[in-house]
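K.L.:
Take a look at the following structure, please.
The values are calculated or read from the model by the stated rules, or taken from the named source; none is laboratory data. Computed from a predicted structure; not experimentally measured. Reconstructed Cβ throughout: ideal geometry from the backbone, glycine too, with neighbour counts over all protein chains shown. Keep in mind that these areas ignore ligands, DNA and RNA; they rest on the heavy atoms of the full protein, side chains included. Shrake-Rupley method; radii C 1.70, N 1.55, O 1.52, S 1.80 Å.
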Amino acid sequence: MSEAVIRTVTSPPGLLASLDPLLRGWLPRQRWFAGKGRPVTGFSLVAATELLPADARLGLFHVLVRAHQPSGPVPGTPDQPGDCYQLLIGVREALPPRLAPALIGHVTEGPLAGRTVYDALYDTRPAEVLLEALRTRARVGGLSFERDPDQEIRTGLVPRLMTAEQSNSSVVYGDTFILKVLRRIVPGVNPDLELPLALVREGCPRVPAPTGWMTADLAGQTWVLGVLQPYVQGATDGWELALRELAKGQDFAAEARALGRATAEVHTALARALPTVTLGHGRLRPLVDGMIARLEEAVHAVPALLPYAPGLRTAFTALADLAGEGRTWTAQRVHGDLHLGQCLRSPSGQWSLIDFEGEPARPLAERRMPQPAVRDVAGMLRSFDYAAHSADVPVPGWAETCRAAYCTGYAEAGGFDPRTDPVLLRAYETDKAVYEVVYEARHRPDWLPVPLSAVRRLAAPGRPGVPS
């Protein structure tokens, strides 16, 4: 990328102050904003870089901003710096109709007074700037754009923003690449880049190899901002495919079994590529304590959980009891947020796993901790349950058949059937269902009955570790 296109300058004075009133209204409406339910009271600027001159017809700023919110839901609680968000802010005199969904607002004061600002990822030219920076391995202020030297990024690829609901933003370039722009960012090694690179080194074909990545170097720390990967043209994600088969009343067992094999292959490669640890009583106890703490927090946040809390707690205490008797498990790096929507089936029938970021709401250090591989299995089992409940016409036994087929496929490729360790599997499935209850209560109340039905099942007498 030529210096004529990108100038290595920071933001003009007063930029954040001029954007503040607009961002307070716009940011909480975004799907990827994590602080819903609490007002935004202000912002602090982490970094800002001008990528296209603001005084030109089209300006572009890369902005890292920290949102300030009350520390609790009760009015009057102290404000505190919260999550840091990555924004690509475009600047125009006025927006053409095609960019109306991207509008942030009209600036009335400061260096951009009289101009219109918007989410630039909707716009072709700013999206082209990012790809060109990756292609040329540009350095722009504290921003670094890297790429795999063995992969070529050609010019002329037309970008388009994917509008599907997701916790980040993705831009597809000419059906050749897809750039995932992380929205809620933290400093440190991000597993969404770390794990695919490790899998590629191991020769695992179940993950698209990263082509390029964006980072920021701030105060001696590296922040991963985005990852560019090959776009699997014609691929269908597992969620769409499952719902399609459900709508036709078709069996999904063969695909579930193949997906189980793909998951086991990824786990095997990760165990080779990165360190594993043995979980005995001492190392397992913090995991169990974390599960119990999350349950207690969830019960406080969603009172509908209260009747099931004693039964759910036994899922965790039964696991601790096994460890106390001397049982051990192997922990390794895992996907961390595995579900049908994180899997792609190519037209040839090959399954791939994507989006290794883990659950964004959890701390980065926790997302990078070795975990029993069953954690991913539990996530996928919950996903089959979600799909079954999403069908317009219920198909009796569909989820149960898929769950069994997935575990069979996993055993075929990984040499271990998750069903042979029911206490461990139940603990992780319960932890996932509790997480889902809180998420749905906050973001999608209409979906709350889905995890609550799993909660009733997991807490019922007769489950492993549940007293009858």
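K.L.:
Using the Cβ atoms and a cut-off under 10 Å, what net charge is assigned to the surroundings of Glu255, where Lys and Arg are +1 and Asp and Glu are -1?
P.N.:
Numbers: positive: Arg257, Arg345; negative: Glu245, Asp251.
Combined, the nearby Lys, Arg, Asp and Glu give 0.
K.L.:
Please state the shape class of the range 327-468: rounded when a/c is under 1.5, otherwise prolate if a/b exceeds b/c and oblate if not, all from the C-alpha gyration tensor. Walk me through the intermediate numbers first.
P.N.:
On the way: a/c = 1.15, a/b = 1.07, b/c = 1.07.
Taking the square roots of the gyration eigenvalues as a ≥ b ≥ c, the range 327-468 is rounded.
K.L.:
Hey, another quick one. Give, as ranges by residue number, the residues of the range 329-344 whose backbone N falls under 17 Å from the point 7 Å along Cα→Cβ of Glu202.
P.N.:
Once the point is set 7 Å along Cα→Cβ of Glu202, 330-338 turn out to lie under 17 Å by backbone N, inside the range 329-344.
K.L.:
Next question. Suppose R0 equals 22 Å; then what is the FRET efficiency for Asp217 and Asp55 from their Cβ-Cβ distance, rounded to the nearest 0.05? Mind dumping the intermediate values first?
P.N.:
Details: r = 27 Å, r/R0 = 1.23.
It comes to 0.20.
K.L.:
Further question: Relative to the present Cα-Cα distance, how much length would full extension add between Asp392 and Glu240 at 0.36 nm per residue of separation? Numbers along the way, then the final one.
P.N.:
Working: separation 152, 0.36 × 152 = 54.72 nm, distance 1.38 nm.
Length difference between fully extended and current span is 53.3 nm.
K.L.:
While we're looking at this one, here's another question. Please list the non-local residues whose amide H lies under 5 Å from the amide H of Thr222, H modeled 1.01 Å from N, same-chain partners needing a gap of 5 or more.
P.N.:
Gly188
K.L.:
Over the alpha-carbon set of the range 297-350, divide Rg by the Kirkwood Rh and report the Rg/Rh ratio to two decimals. Kindly include the intermediate steps, with their values, before the conclusion.
P.N.:
On the way: Rg = 17.9 Å, Rh = 15.2 Å.
Radius of gyration relative to Kirkwood radius: 1.18.
K.L.:
What's the FRET efficiency of Thr176 with Ser71 using the Cβ-Cβ distance as r and R₀ = 51 Å, to the nearest 0.05?
P.N.:
Numbers: r = 45 Å, r/R0 = 0.88.
Computed FRET efficiency for Thr176 and Ser71 comes out at 0.70.
K.L.:
Please give the net charge around Arg327, taking every other residue with its beta carbon less than 11 angstrom from that of Arg327, where Lys and Arg add +1 and Asp and Glu add -1. Intermediate results must be reported in sequence, preceding the final value.
P.N.:
Numbers: positive: none; negative: Asp321, Glu325, Asp421.
Summing Lys/Arg as +1 and Asp/Glu as -1 gives -3.
K.L.:
Please report the carbon-and-sulfur percent of the accessible area for the range 348-435; probe 1.4 Å, protein heavy atoms only, DNA, RNA and ligands left out.
P.N.:
On the way: 1740 of 3000 Å².
Exposed carbon and sulfur together represent 58 percent of the surface.
K.L.:
Would you mind computing, in nm to one decimal, how far apart the modelled labels at Asp446 and Ala361 are, each placed 7 Å from Cα along Cα→Cβ?
P.N.:
Calculated label separation equals 2.0 nm.
K.L.:
Bin by bin, in steps of 10 Å, what percent of the Cα pairs in the chain do you find, going until the bin that has the longest distance?
P.N.:
Going from the shortest bin to the longest, the percentages are 4, 19, 28, 26, 17, 6, 1, 0.
K.L.:
Just order 403-410, 234-241 by mean Cβ neighbour count inside 10 Å, highest at the front, would you?
P.N.:
Numbers: 403-410: 22.4, 234-241: 17.4.
The densest-packed peptide leads the list: 403-410, 234-241.
K.L.:
While we're here: Using only helices, what value at 222 nm comes out for the chain when you add -39,500 (n - 2.57) per DSSP H run of length 4 or more and divide by the total residues, to the nearest 500 deg cm²/dmol?
P.N.:
One gets -12000 deg cm²/dmol as the mean residue ellipticity at 222 nm.
K.L.:
Explain nothing, just the number: dipole magnitude of the chain about its Cα centre with +1 on each Lys and Arg Cβ and -1 on each Asp and Glu Cβ, in debye rounded to the nearest 20. Please list the in-between numbers first.
P.N.:
Details: 49 positive and 50 negative charges, 55 e Å.
Using only the charged Cβ atoms, the result is roughly 260 debye.
K.L.:
Defining a contact as two alpha carbons under 8 Å apart and six or more residues distant in sequence, what relative contact order in percent does the chain show? It would help to have the intermediate numbers written out before the result.
P.N.:
On the way: 875 pairs, mean separation 57.4, N = 468.
The normalised contact order for the chain reaches 12 percent.
K.L.:
Further question: Run the quick spin-label model on Arg456 and Glu400: label points 7 Å from Cα toward the beta carbon, then report their separation in nm to one decimal.
P.N.:
So the label points at Arg456 and Glu400 sit 1.6 nm apart.
K.L.:
Okay, next question. Ranked highest first by the average count of other Cβ atoms within 10 Å around their residues, in what order do 255-263, 453-461, 121-129, 145-153 fall?
P.N.:
Working: 255-263: 23.7, 453-461: 16.9, 121-129: 20.4, 145-153: 14.6.
Sorting 255-263, 453-461, 121-129, 145-153 by mean packing, highest first, produces 255-263, 121-129, 453-461, 145-153.
K.L.:
Right, here's the next one. Give the distance, in whole Å, between the Cα centre of the range 310-361 and the Cα centre of the range 230-245.
P.N.:
Between the Cα centres of the range 310-361 and the range 230-245 lies a distance of 22 Å.
K.L.:
Would you please give the residues with an amide H less than 5 Å from that of Ser170, counting only those at least 5 places away or on a separate chain, with H modeled from the backbone geometry?
P.N.:
So Ser170 has HN proximity to Met162, Val181.
K.L.:
With the dipole of the chain worked out from charges on the C-beta (+1 for Lys and Arg, -1 for Asp and Glu) around the Cα centre, which of Gly141, Val40, Pro347 lies farthest toward the positive end?
P.N.:
It is Val40.
K.L.:
May I ask you to derive the FRET efficiency for Thr317 and Val189 from their Cβ-Cβ distance with R0 = 35 Å, giving the value to the nearest 0.05?
P.N.:
Values: r = 33 Å, r/R0 = 0.95.
Calculated transfer efficiency: 0.60.
K.L.:
How big, on average over all directions, is the shadow cast by the Cα convex hull of the range 148-203, in nm²?
P.N.:
Mean projected area for the range 148-203: 5.3 nm², to one decimal.
K.L.:
Separation between the Thr420 and Ala34 pseudo-spin-labels, each 7 Å from Cα along Cα→Cβ, expressed in nm?
P.N.:
Simple spin-label model gives 3.8 nm for this pair.
K.L.:
Grab the other residues whose beta carbon is less than 12 angstrom from that of Val437, score K and R as +1, D and E as -1, and report the net. Spell out each step's value before the answer.
P.N.:
Values: positive: Arg294, Arg382, Lys432, Arg442, Arg444, Arg456; negative: Glu297, Asp431, Glu436, Glu440.
Neighbourhood net charge equals +2.
K.L.:
Quick one: check the C-alpha center-to-center distance for the range 185-214 versus the range 127-178, whole angstrom.
P.N.:
Measuring centre to centre over Cα atoms gives 15 Å.
K.L.:
Pull up all non-local amide H partners of Cys84: gap of 5 or more, or a different chain, and H-to-H distance under 5 Å with H placed in the peptide plane.
P.N.:
Residues meeting the criterion, in which the H sits 1.01 Å from N, are Ile185.
K.L.:
While we're here: Taking 0.36 nm per residue of separation and subtracting the Cα-Cα distance, what length does fully extending Ala254 through Asp289 add? Show your work: numbers first, answer last.
P.N.:
Numbers: separation 35, 0.36 × 35 = 12.60 nm, distance 3.73 nm.
Between Ala254 and Asp289, full extension yields 8.9 nm more.
K.L.:
Principal axis lengths of the range 68-225 from Cα atoms, whole Å, largest first?
P.N.:
So the three principal-axis extents are 53, 40, 32 Å.
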